[in-house]
């Protein structure tokens, strides 16, 4: 039941309001002064507080500040005397939901309280969501116990509380976006937007439009104004993945943002100001790119105020079992499929892989293995065929007695079952082309 706290020193008014709200199905608690109101607030945890302006031990306008400080999710409606609009306006500035004049009929009070209750409920949901997001993107969510990883995490934690640009380096699949998100969500900008763009996914022209936006009519097909990603990220963080792939001409616009906080949209003449933190990432050696004339040296020094290098899986093989276990747990929950064991042969094969795609590749392999495994036991024969062929023979109770073609047929069939017939997704999981998948479906009559 939704709860309302009435704060008024006049017993008659409190009783009248309480009776009216109880008839509407609300639970009501009361206070006659500021001190009692604060106690009730902590004990009763109301959704909404109806607060009079004039109280024996204080002012209701000031009390709004205290209420929002103690219980930010509680919405406050100020009860003002007739014509006392300045108090109502100040209360809203202090964080009140709204104000209403004493004596207004029920047609105004009840709908206002109803809206305030909905807002209070939304506040609670938002707080839970923010807490969940905070846990999801906390540095504790970055799995691994190796020394090299802990050094990277420690550096990222230190820079997260600052506002300087960050350059993340490391091979493909080492978790650069995960680190960027952790830095953002542990910074003072955490409640603002985190916007990510992969610079290698667009041509020069498209990337310029995506990042900086354009004015209507600035080029063929530009029918209306478009906000760029920098504008979307204003007051928050923008993550520029694969910065080494950015066209040389666009690097000058990025440098201007770092130096002045301004840029010019395509087709515009006036600069747009933004306040944004930039986190960039690359798998290239940017100093080599500078020597080759592909990357601006001045931009490199602006971006690399603080560098964090992310180790490859080959540098942290001791973390592979930790990651494999976590991925298996995550995918088994998604599939409602219990995994009771990962055999020593399965884990040893994982630890001996070169993992050129690093964590991303390991994650995909665990997902595919879990799809085809049987009996809640991940064995080497559940691994992709290219890994099986590199390592061991299957154990006696697995599919080792099958012909290679039969194993492949079973593997493809299980993946198609998992993707509910989505062949594009199945081809991604199998790491084969869509044309190859269609050919094998026809060949094996799946």
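Quick look at the values:
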{"item": "Per-q log10 I(q)/I(0), region 162-319, q = 0.14, 0.17, 0.21 Å⁻¹ (Debye; single scatterer per alpha-carbon; no solvent)", "result": "-0.70, -1.01, -1.44"}
{"item": "Rg/Rh for the chain, where both radii come from Cα atoms and Rh is the Kirkwood radius", "result": "1.11"}
{"item": "Nearest-0.05 FRET efficiency for residue 151 and residue 247, computed from C-beta distance (R0 25 Å)", "result": "0.15"}
{"item": "Region 101-247 shape via C-alpha gyration tensor axes, a/c threshold 1.5", "result": "oblate"}
{"item": "DSSP beta bridges in the chain [antiparallel fraction, %, rounded to 5]", "result": "15 percent"}
{"item": "Dimensionless Rg ratio for region 251-391, taking C-alpha atoms and the 2.2 N^0.38 Å reference", "result": "1.55"}
{"item": "Kirkwood hydrodynamic radius (C-alpha pairs) into Stokes-Einstein, region 314-444, 25 °C and 0.890 mPa s, D in µm²/s", "result": "163 µm²/s"}
{"item": "Cα centroid separation, region 96-167 to region 337-367 (Å)", "result": "35 Å"}
{"item": "Gain upon complete extension [residue 428, residue 304; 0.36 nm per residue less C-alpha separation]", "result": "41.2 nm"}
{"item": "Helix-only mean residue ellipticity at 222 nm for the chain, each DSSP H run of n ≥ 4 adding -39500 (n - 2.57), per residue, nearest 500", "result": "-15000 deg cm²/dmol"}
{"item": "Candidates 236, 88, 357, ranked by Gaussian network fluctuation over the chain, Cα under 10 Å, top entry", "result": "88"}
{"item": "Share, in percent, of DSSP beta bridges within region 139-311 that are antiparallel, nearest 5", "result": "15 percent"}
{"item": "The chain: angle of helix 106-136 to the longest principal axis, Cα-based, in degrees nearest 10", "result": "30 degrees"}
{"item": "Distance between modelled label sites at residue 335 and residue 275, nm, 7 Å Cα→Cβ extension", "result": "4.9 nm"}
{"item": "Mean-position separation - Cα centroids, region 424-446 and region 178-254, in angstrom", "result": "35 Å"}
{"item": "Most to least packed among 2-9, 359-366 [average Cβ atoms within 10 Å]", "result": "2-9, 359-366"}
{"item": "Sequence ranges 284-292, 202-210, ranked by mean other-Cβ count within 10 angstrom, highest first", "result": "202-210, 284-292"}
{"item": "Tensor-based shape of region 3-133 (alpha-carbon gyration tensor, a/c under 1.5 rounded, otherwise prolate or oblate)", "result": "rounded"}
{"item": "Global geometry of region 110-154, whether rounded, prolate or oblate, following the gyration tensor of its Cα atoms and the 1.5 cut on a/c", "result": "prolate"}
{"item": "Rg and Dmax of region 199-254, Cα atoms only, in Å", "result": "11.6, 31"}
{"item": "Per-peptide average of other Cβ atoms within 10 Å, ordering 333-342, 41-50 highest first", "result": "41-50, 333-342"}
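All of the numbers you see were taken from the coordinates with simple rules; none came from a lab. Given the structure is predicted, the values throughout are model-derived calculations rather than measurements. Note that we place each Cβ from the backbone using ideal geometry, even for glycine, and neighbour counts take in every protein chain shown.
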